[in-house]
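Written below as C-alpha cells is the structure these notes are about.
Where a number appears in this text, it was derived from the coordinates with a stated rule and is not lab data. These numbers come from a predicted model, not from an experiment. Every residue, glycine among them, receives a Cβ derived from its backbone with ideal geometry; neighbour counts consider all protein chains shown.
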Amino acid sequence: MSLKNKSIVIGVTGSIACYKTLDLVGKLKKLGANVYAIMTKSATNLVDIKDFEKASGNEVQTDLFLPNIDYKDYIKKNKEIKHISLADIADLFLVCPATANIIGKIANGIADDLLSTSIMATNSPVLICPAMNVKMWKNLIMQENVAKLKKLRYEFVYPEYGDLACGYKGVGRLAQLDKIIDRINTIIERRNDLAGKKILVTAGATSEEIDPVRIITNKSSGKMGVYIAEEAFLRGADITLIRGANSVEPQYYFKDIKIYSVNDLFNKIKNNIKNVDIVIHAAAVSDFTIKNKHNNKIKSNENLHLELTPTTKIFENIKKIKKGIFLIGFKAEYNVSKKILIDRAYELLKSAEADFVVANDVGKAGRGFDVETNEVFIVGKDKKITHIDLADKRTIGNKILDKIKMAFL
C-alpha cells in the first residue's frame, strides 16, 4: 500500500522516544506521505523544532495561538485556524510518542493546547503510540484511559518490553517503527476502500403515538446502525445517517437526520436516496401504528382498547423508489432455529429484491437489543450464508462492509 500524497499529522509529545519519531518521519516521507508535525512544549525541550522541519519538509506547529496577532482582524479575513486546518487535512492523526499526559487529556476531553485541540477537532482515524516508564504504563488510571479510548474507536500500537531511558526494564518502550508503519498502512488502506461511495444508513427505533404523551415502540438501541455508519465513514464513504430513538450518538461529523415515526423515516429516505449508491437499512421499524390515536392525553383510570394497523413496509419499497440501489436489510427473530432464521431472512430478501439480509436471533443472550455484541448470518441472493460468530458490533459492522465491498465494488 503506497502512502503517496496521504497527509499524516504527527503529534510529538515529551517522551524521550521523540528522537525515534524523527526516523519515523523520514520513513513516511520516503513512502510518499505528506507529514505535518505538532510538537508540545515538553517535546521541544528534547528535540530541536528545526530537526522535525528538516525531516518533514513542513513548518512545525507548536502554539494554539500565534504571537502578536489581533484575532478579531485575523478571523474577519477568514485566515485558517491552525487546530482546524491541521485536523481537516489529516488522512491519519498519529500521536507518537504518546505520553501518559496526552493520553489522559484525550480520554477526558481536555483540549488546552494545539495538539489536544487538533485531536478533538479531527474526523480522521487517530493512532496512538505510547512510550513511558513501565510503572506509568501499568498504572490503573492509564489502563482505564486506554480502554476508554479503544471503546471510542481510537487505535493503539502498544509499547514493547525492553530497556527504558529511565533505567527500568519492562513494557513502555516505543514500538518498532516498522510495526507502526504497518499499522498506518492498514488504517490508510481501510480508510480509502469505500472512498467515493455514497451510503445511506438507517438506525434506531421508530415510534407511533397513542396520545400526545404515550407511544408504542421497540427495544432497539440503534447501536448496530450507528456503528456501521461510523465504520463506513472511516473507510472513506460519504454517509447519510437517518435514525430514530437510539442510545448512542455518532462520534463523527456526517449528515445525521433524526426521525420519529415510520412515515417520517420513509419520507426522509425518499428525500435523500437520489444520489445514494448503497442503502443499509438497520432501523427497527414499527410493524404497527395506532388507528384510533387520541388527540388528548388518555385518562389513566379507564380501560383502553387500541386498534393497530400495519405500517408501510419500508424495506420492501426501497427498490421501487430507486431500482438499481444496492440494498442491505436486517431481520430479527426471537428464539427460533437457525433454519427458520435463515429461511425468513431469505423470504424478506426476495420480497424486497435486496442484495443481502443480515439475520440475528434477539432471543439469545448477548445478541441484539441494547448490548455491545451480536451474532449474525448474512444471507445472499443465492442463499449462500456468511456466519459471523458472537463479536462486538463494530467488528460485525466492518465484516458486513467487507461483504458489501466484495459484492458491490
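Details
- Each stretch of four or more DSSP H residues adds -39500 (n - 2.57); spread over every residue of the chain, this sum gives -11000 deg cm²/dmol at 222 nm.
- Rotationally averaged projected area of region 7-192 (alpha carbon convex hull; nm²): 10.8
- Under the simplified labelling scheme, the GLU372-ALA407 pair shows an inter-label distance of 2.9 nm, with each label point 7 Å from Cα along Cα→Cβ.
- Computed lengthening from LEU308 to GLU209, 0.36 nm per intervening residue step minus Cα-Cα distance: 34.5 nm
- The equivalent ellipsoid of region 266-382 has semi-axes of 29, 22, 13 Å, largest first, where each one is the square root of 5 times an eigenvalue of the Cα gyration tensor.
- Fully extending the segment from GLU347 to GLU59, taken as 0.36 nm per residue of separation minus the present Cα-Cα distance, adds 97.7 nm.
- Stokes-Einstein D (µm²/s) once Rh is taken as the Kirkwood radius of the chain over alpha-carbon pairs, at 25 °C in 0.890 mPa s: 103
- Interatomic Cα distance distribution for region 198-408, bins of 5 angstrom, percent: 1, 7, 15, 19, 21, 16, 10, 5, 3, 1, 0, 0
- Added length on full extension, which subtracts the Cα-Cα distance from 0.36 nm per residue, ASN139 to TYR334: 65.9 nm
- In summary, the aspartates and glutamates within cross-link reach of LYS138, defined as a Cα separation below 14 angstrom excluding same-chain residues under 8 places away, comprise GLU160.
- Per-q log10 I(q)/I(0), region 145-196, q = 0.13, 0.28 Å⁻¹ (Debye; single scatterer per alpha-carbon; no solvent): -0.46, -1.04
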